[in-house]
Amino acid sequence: MATEKVVSLSAEAKAVAARVGSLRDFLAYLGEHDQCVSWPDPVMPEPDIRNISVAAGNNVSTGPAVIFDKIRGYPGKRIAVNVHGSFGNLALLLGLPKITPVRELFFEIIRRWGSDKPLLERVAPEKAPVNENRVDKNINLYDLLPLYRINANDGGFYIGKACVVSRDPLEPDNFGKQNVGIYRIQVMGPDTFTLLSIPAHDMGRQMLMAEQHGKPLKVSVMIGNHPAMPMFAATPVGYDESEFAYASQMMGAPLRLTTAVNGTDILADTEMVIEGELQLNQREVEGPFGEFPGSYSGVRKVPLFRVTSVSHRNNPIFENIYIGKGWTEHDTLIGLNTSAPIYSQLKKDFPEVAAVNALYQHGLTGIISVRNRFAGFAKSVAMRALGTPHGTMYLKNLILVDENVDPFDLNQVMWALSTRTRANDIIVIPNMPMVPIDPAAEVPGKGHRLIIDATSFMAPDNLGADPHLVDRPMGPEIDALMQRLNELQKGGV
Amino acid sequence: MKTICPRCESTGVTQMHAGMENNQILWRVWHCKDCAYTWRDSEPAESIDPKVRPAWTKMKGVDFDSLRQVIPPAHKPT
Ligand SMILES: [Zn+2]
């Protein structure tokens, strides 16, 4: 039930939300904060773009977005990578200083969850920048997009960061049942592509419905979007909830929507929209693709789409992502939005939970900080985490730390592992469900879970030689001092 | 020499696109109609040379109809 509640934002956050309406606005804003660079030299599509993307993403705190506009063989074409590749870039999007600690970004996202008023504006199609150009015959994706191979053994050229909009094939007029999600797209020909989804995901469900009932499934593949869209499109919302509404709520500012030729809603300021239609019951050989666990998925038969038209802004930017062996932009893009729902679900039953870090490989490893209500309590919290919607499949390794250990500061987590863990007090739960593409699975889809309780001991635990712990100063005061030191290093006063 | 697919070694390959520089062709994009592999002839050998590509990526002799379906078709294609 919508309560029309809007989260109050800081003046800085409001200013960012007001001026960032598109990818190009955000790139300009990042540039003003030294967080976006144009690569000055000519690059070959392979391996240069892959290598520079990896280098940009290696700096998790302040790696920049990178724009390529001298791509050899693709004169006049532009690519942007690593737009969400550092926490500095995410902090700027949320109106915070770029060196904001990850823990604070996490709590800012949690805080914005309280908002539930959709902020959507309609723009007439003829006034939408995305419609500055339209191609509906002789469509050639190889000519429209500077496509390239993301990882060396991928089966082809992938569009890895597009937000795909689709309407429910049986209820095409229902706005809420319109789905927006990120699915991997392999270009198969000048006007064909495959789109990978599984029956458990909204898009997979829509594909099944369309083919069962012989109904058309029309999609709009949005490339180069408002930065909130890929960040929040990756967050699971209910099937009848709109990702557009959710992204606008999180930004606290309106998103501009227009209508595509095929009737789906699209972002009016997006760089390019490829409209396509599912070729009922047709499949193409897809993959491998270097996936988020850092291993290649297999080669499989995947539903095929045909392009019906392409709309794009003048001089469009092909925004893409590097994904593969971590750390990559994929981890930064979805990490906080993976952590936040687990935290909220745990917090309902266990107010002692202080924070959840499920940044690693979509939560294959998670770290929960919690105050022990009684001895062994952290283990109960871990069990509850395994029963959350995301935990059921993904949370494979769980580390529990005290409430005064910042789970986003791995040096602190390592302290807890070093000094709080008793090797005879870990739990292995055998034969649990597992993400099929986890390379550590015993068989795809089944494997073992690990819980390491690295919280402090309390009676009736055997306290052993447990000494009095040092109360290390932490929190906003220390964060402010760190920022001051950072400014002093840069020559400030 | 005839272009073959670096992955399944089929000769059923089609040129999809050519990248131009100073009015000359700099590279070509190819696609295999059998295994759907797509490549650019300017790529490093690990992606396009069958002699260098890792053994696990090879698809010579694979029955493509036997590959796993992620979403099985509801009906036979029309
Ligand atoms: Zn082939």
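The values are calculated or read from the model by the stated rules, or taken from the named source; none is laboratory data. Since the structure is predicted, the reported quantities are computational estimates derived from the model, not experimental observations. When we count neighbours, we look across all protein chains shown, and the Cβ atoms used for this are built from the backbone with ideal geometry, even at glycine.
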Any hit, the range A:263-283, residues being at pLDDT 95 or above, acidic (D, E) and not in a strand (DSSP E or B): yes
Qualifying positions in the range A:102-127 - in a loop (DSSP other than H, G, I, E, B) and farther than 18 Å from A:L359 by Cβ: A:G114, A:S115, A:D116, A:K117, A:P118, A:L119, A:V123, A:A124
Residues (out of contact with any strand residue (DSSP E or B) (no Cβ under 9 Å at 6 or more places or on another chain) and either of a type in the set (A, V, I, L, M, F, W, C) or loosely packed, with under 13 Cβ neighbours inside 10 Å (or both)) located in the range A:112-125: A:W113, A:G114
Helices (runs of 4 or more DSSP H) fully within the range A:196-252 counting 2 or more residues that are under 11 Å from A:N179 (Cβ atoms) and in contact with a Gly (Cβ under 8 Å, 6 or more places away or on another chain): A:202-213
Residues satisfying the stated conditions in the range A:185-202, i.e. at pLDDT 95 or above and either surrounded by fewer than 23 Cβ atoms within 10 Å (Cβ to Cβ) or not assigned by TED's automatic domain parsing to the domain that holds A:M222 (or both): A:G189, A:P190, A:D191, A:T192, A:L196
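Residues checked against (1) closer than 19 Å to A:K215 by Cα; (2) under 18 Å from the mean Cα position of the chain (by Cα); (3) facing chain B (nearest Cβ under 10 Å):
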{"residue": "A:Y246", "(1), (2), (3)": "no, yes, no"}
{"residue": "A:A253", "(1), (2), (3)": "no, no, no"}
{"residue": "A:L257", "(1), (2), (3)": "no, no, no"}
{"residue": "A:D269", "(1), (2), (3)": "no, no, no"}
{"residue": "A:Q279", "(1), (2), (3)": "yes, no, yes"}
{"residue": "A:G298", "(1), (2), (3)": "no, no, yes"}
{"residue": "A:P303", "(1), (2), (3)": "yes, no, yes"}
Of all residues making up the range B:57-78, the number that are surrounded by fewer than 11 Cβ atoms within 10 Å (Cβ to Cβ) and either in contact (Cβ under 8 Å) with a residue 24 or more places away in the chain or within 21 Å of B:W30 (Cα to Cα) (or both): 1
2 or more residues more than 16 Å from the ligand (Cβ to nearest atom): qualifying strands (runs of 3 or more DSSP E) within the range B:1-77: B:13-21, B:24-32
Hey, A:F157 at pLDDT 95 or above, surrounded by 19 or more Cβ atoms within 10 Å (Cβ to Cβ) and farther than 30 Å from A:P45 by Cα or not: no
Residue match in the range A:212-233 (condition: under 30 Å from B:R53 (Cβ atoms), out of contact with any Cys (no Cβ under 6 Å at 6 or more places or on another chain), surrounded by 22 or more Cβ atoms within 10 Å (Cβ to Cβ) and more than 14 Å from chain B (Cβ to nearest Cβ)): yes
Flag for A:A56 being of a type in the set (A, V, I, L, M), in a helix (DSSP H, G or I) and under 26 Å from A:Y142 (Cα atoms): yes
Residue count, the range A:142-175 (criterion: facing another protein chain (nearest Cβ under 9 Å), in contact (Cβ under 8 Å) with a residue 60 or more places away in the chain and either closer than 22 Å to A:R283 by Cα or aliphatic (A, V, I, L, M) (or both)): 6
Residue count, the range A:176-196 (criterion: within 8 Å of another protein chain (Cβ to nearest Cβ) and within 16 Å of A:F232 (Cβ to Cβ)): 0
Pairs where the first residue, in the range B:12-28, is more than 7 Å from chain A (Cβ to nearest Cβ) and the second is at pLDDT below 95 and outside any strand (DSSP E or B), C-beta under 8 Å, 6+ apart: B:V13/B:T3
Subset of the range A:90-107 that is of a type outside the set (A, V, I, L, M, F, W, C) and in contact with a Ser or Thr (Cβ under 8 Å, 6 or more places away or on another chain) - its residue that is surrounded by the most Cβ atoms within 10 Å (Cβ to Cβ): A:G95
Filter result (surrounded by 15 or more Cβ atoms within 10 Å (Cβ to Cβ) and within 14 Å of chain B (Cβ to nearest Cβ)) within the range A:31-67: A:V43, A:M44, A:P45, A:E46, A:P47, A:D48, A:I49, A:R50
Test result for A:F292, modelled with pLDDT under 95 and under 24 Å from A:L147 (Cα atoms): yes
Any chance A:F175 is surrounded by fewer than 23 Cβ atoms within 10 Å (Cβ to Cβ), in the same structural domain as A:R256 (by TED's automatic domain parsing) and among the aromatic types (F, W, Y): yes
